[in-house]
């Protein structure tokens, strides 16, 4: 419990939120350095950047973030361009050969990362600086995808890098949700 408390406080989750969500996370004592722990929290982390762009224009949500699905799945017409939600540097751009399929990871100035999985094509390369809205590739169905869609994850590392916390992308896309409501984005 102590490690998780440090991790969550490091990314700005308040104590009230921890108390409210602790009962839903029974494996707290098993958290080890380097492990990944999905946490559903209603609070907006303090590092979250404002003004994020919607990653898949014209899309609709097919699956939301939860404790067993640490991302947001968006579907759009085949061939749709997946776009960076914010300025950053590409940390990874390749086929994982695993469940994520073709994956692009962008590290943002805030220290958080956005993961764009199941891409059909990749149009960027590692260490490339990219602006918000830059096309990363086309939505696809690679890896363990059930149909064509974008799987978007948001991850934040603790200051010491001992663990990674996954954040609900829906919370981070607040301003983008308002902008793209007219394009069929589900509330």
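The table below gives the values:
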item: Residues satisfying the stated conditions in the stretch 148-157, i.e. modelled with pLDDT of 95 or more and surrounded by fewer than 20 Cβ atoms within 10 Å (Cβ to Cβ); result: 148
item: Leading residue by the ranking (surrounded by the most Cβ atoms within 10 Å (Cβ to Cβ)) among those in the stretch 84-98 that are part of a loop (DSSP other than H, G, I, E, B) and in contact with a strand residue (DSSP E or B) (Cβ under 8 Å, 6 or more places away or on another chain); result: 85
item: Residue that is crowded, with 16+ Cβ neighbours inside 10 Å, at pLDDT below 95 and either more than 16 Å from residue 140 (Cβ to Cβ) or out of contact with any helix residue (DSSP H, G or I) (no Cβ under 6 Å at 6 or more places or on another chain) (or both), where the choices are 81, 37, 20; result: 37
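The values are calculated or read from the model by the stated rules, or taken from the named source; none is laboratory data. Note that the structure is a prediction, hence the values are computed from the model and not measured. No Cβ is skipped: glycine too gets one built from the backbone with ideal geometry, and neighbour counts run over all protein chains shown.
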